[in-house]
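The values are calculated or read from the model by the stated rules, or taken from the named source; none is laboratory data. Predicted model only: the values in this text are computed from it and were never measured. Note that we place each Cβ from the backbone using ideal geometry, even for glycine, and neighbour counts take in every protein chain shown. These accessible areas exclude ligands, DNA and RNA; they are computed on the full protein's heavy atoms, side chains included. Shrake-Rupley method; radii C 1.70, N 1.55, O 1.52, S 1.80 Å.
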Amino acid sequence: MSINKVKALGYPLAAVFDANDQKSFRMLILWLEENILHTYVPEKRTELQNVDSPSWDTAFKNYCVSCSSPIKSTEAMDQLEWLLGVAIRLTYNKQKNKFDSETKKTLEVSTDVPMIIPSDNPIDNLDVNSSDFKEGIEKLADLLNISKHPDHKITLEAIHKFIIKRLNEEAIKNPSSILPKGEAFPLEKVKGHTIESKDSAVLHAMKVLRLAQLHRLRDLQTCINECIVAMQEVTSDPKTDTKLGKVGY
């Protein structure tokens, strides 16, 4: 059990609390009930208050049932751990604004001083806004024949997608599997857009986006078809028992 939970709740005897000491354990349970949990009305806490009673353990078991404890273990320490969690939640809910305000103050970091988290991973230590990093992305984009975006991070994302799709292990072993198949479709025949423009470049871009959207919809339909087939394999079992009926009259 974490003593930090006991301290966080403000238990007056947290400094001398001993989970292995029977009386210390019982006094903590009583304090939780009287100050935070309030499961029993004051008149019903008599058995818990008598911490020296030989029947206290039975009273504690009944108390856990009254608290709707989900713990199935017979270990009293497991029940205490759960009760501490409930007490912390109740305490937080009663003073949510106060705790949120204190947490915000604690986590506030000056915008002038960047937060640096030590890491052994060299990728985590990269400065993605450095000129060297941007230059490296541009060289990689030229090597892969990928159009550059003014935002180098978007260019990097396009490179990532290209590598995942075109340079994976399966694609390298069988390059023909990722090459487009069929005859090229003339861009001039693409229809369906409702926006008119006199700028040919704009119309060209709209047609390209239209084709890209159709491609994504086809992929979505393929996934839907695969799901339907998978469900049919489970629900459409052709096995029958001929002993249960007969064919014909």
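Summary table
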item: Neighbours by Cβ (under 8 Å, 6+ apart or cross-chain): first from segment 58-73, under 15 Å from Leu48 (Cβ atoms) and among the aromatic types (Phe, Trp, Tyr); second open to solvent by less than 30 Å² (accessible area, probe 1.4 Å) and part of a helix (DSSP H, G or I); result: Phe60/Arg26; Phe60/Ile29; Phe60/Leu48; Phe60/Gln79; Tyr63/Ile29; Tyr63/Glu33; Tyr63/Leu48
item: Among the residues listed as Lys61, Lys7, the single one being surrounded by 12 or more Cβ atoms within 10 Å (Cβ to Cβ) and closer than 25 Å to Glu102 by Cβ; result: Lys7
item: Lone unmet requirement of (1) within 26 Å of Asn93 (Cα to Cα); (2) outside any loop (DSSP other than H, G, I, E, B) for Ser69; result: (2)
item: Answer residue from segment 136-152, given it is surrounded by 13 or more Cβ atoms within 10 Å (Cβ to Cβ) and within 32 Å of the chain's Cα centre (by Cα) and is nearest to Ile123 (Cα to Cα) among those; result: Ile137
item: Pairs with Cβ under 9 Å, 6+ apart, first in segment 110-137 and modelled with pLDDT under 85, second small (Gly, Ala, Ser); result: Asn125/Ser119
item: So Pro186, is it under 40 Å from the mean Cα position of the chain (by Cα) and either β-branched (Val, Ile, Thr) or at pLDDT below 80 (or both); result: no
item: Candidate set from segment 11-32 (those that are part of a helix (DSSP H, G or I) and of a type in the set (D, E, K, R)); member that is nearest to Ala87 (Cα to Cα); result: Arg26
item: Some residue of segment 91-98 being surrounded by 15 or more Cβ atoms within 10 Å (Cβ to Cβ) and closer than 17 Å to Glu33 by Cβ; result: yes
item: Yes/no for Ser176 being loosely packed, with under 10 Cβ neighbours inside 10 Å and of a type outside the set (A, V, I, L, M); result: yes
item: Restricting segment 30-51 to residues that are hydrophobic (A, V, I, L, M, F, W, C) and closer than 24 Å to Lys94 by Cα, the residue that is most open to solvent (accessible area, probe 1.4 Å); result: Val41
item: Where Leu13 falls short, out of the listed (1) without any contact (Cβ under 8 Å) to a residue 12 or more places away in the chain; (2) over 17 Å from Gln79 (Cα atoms); (3) over 35 Å from the mean Cα position of the chain (by Cα); result: (1)
item: Answer from Ser197, Ser176 - the residue that is more than 27 Å from Leu143 (Cα to Cα) and either in a helix (DSSP H, G or I) or at pLDDT below 75 (or both); result: Ser197
item: Among (1) under 21 Å from Asn93 (Cα atoms); (2) open to solvent by 20 Å² or more (accessible area, probe 1.4 Å) - the single one Asp18 does not satisfy; result: (1)
item: Condition check for Glu102: among the acidic types (Asp, Glu), in contact (Cβ under 8 Å) with a residue 24 or more places away in the chain and either surrounded by 15 or more Cβ atoms within 10 Å (Cβ to Cβ) or assigned to a helix (DSSP H, G or I) (or both); result: no
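Residues checked against (1) hydroxyl-bearing (Ser, Thr, Tyr); (2) at pLDDT 85 or above; (3) open to solvent by 70 Å² or more (accessible area, probe 1.4 Å); (4) at positive phi:
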| residue | (1), (2), (3), (4) |
| --- | --- |
| Gln213 | no, yes, yes, no |
| Arg216 | no, yes, yes, no |
| Asp219 | no, yes, yes, no |
| Cys227 | no, yes, yes, no |
| Glu233 | no, no, yes, no |
| Asp237 | no, no, yes, no |
| Thr242 | yes, no, yes, no |
